[in-house]
1. Looking only at the stretch 223-252, which residues are in contact (Cβ under 8 Å) with a residue 24 or more places away in the chain and assigned to a loop (DSSP other than H, G, I, E, B)?
2. Return the residue satisfying two criteria in turn: it lies in the stretch 189-209 and is within 25 Å of the chain's Cα centre (by Cα) and either touching a residue at least 60 places away in the same chain (Cβ under 8 Å) or assigned to a loop (DSSP other than H, G, I, E, B) (or both), and of such residues it is surrounded by the fewest Cβ atoms within 10 Å (Cβ to Cβ).
């Protein structure tokens with residue numbers, strides 16, 4: 001559970017006096033011989049980017065170290081006018097061992113944490129995304145195929161960030177989708193499905209769109225092949241939103257067109 005506190009004044013700088021929250025490490029970078037910078041998704045405070053002074057020392061104050069795809073208890077100080085917070089405490093609670101046992105699960109997990117860091121804005125809380133990331137990292141180790149939990153996770157991230165694709169009706173006309181067409185179109189520029197694909201649209205099987213419709217209702221795909229296609233479609237749509245295919249996406253979806 002997070003702890004909210006009132007700002008205090010230290011010299012001429014206003015800061016938060018050690019807020020804490022459960023968080024999942026997304027990335028870390030070497031800052032100096034003894035320190036690291038860390039990006040973590042906290043449940044009640046959103047993405048936190050901070051400096052962990054002394055994290056690389058033998059007697060580091062940060063228990064367990066800042067490994068990506070680990071969940072723990074994070075504390076930090078936010079100083080006005082500075083991009084990086086000062087990390088004050090870290091206690092690892094879960095390392096999601098299942099994501100480290102198989103290459104496919106590991107690639108999917110790396111994409112999941114990378115996606116959260118790229119789509120979400122710093123200090124903008126998205127508890128649903130945190131819960132979804134925690135769930136997908138926990139599920140990837142035992143999943144029949146990584147695409148099944150990953151598809152639902154991608155849907156949650158896009159929906160929470162305001163980029164949910166329109167799949168319940170034709171995004172261009174607003175009309176219901178026809179029941180007779182086995183192939184529909186997806187128009188990434190408009191963010192949704194169209195009944196008749198034209199130049200620049202993606203041809204998508206009806207079963208894939210139905211899987212997305214099920215996720216919109218809070219259900220998960222149950223067919224591995226359909227889940228794989230739905231997950232790839234959401235990744236391709238995300239690529240259009242980001243304007244690039246990230247290395248994590250390339251590793252998780254090597255056949256993405």
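None of the figures in this text is laboratory data; all of them are computed from the coordinates on show. In this text the structure is predicted, and so the values were computed from the model without any measurement. Here Cβ is always computed from backbone atoms with ideal geometry, including for glycine, and neighbour counts include all displayed protein chains.
1. Passing the criteria: only 246.
2. Selected residue: 189.
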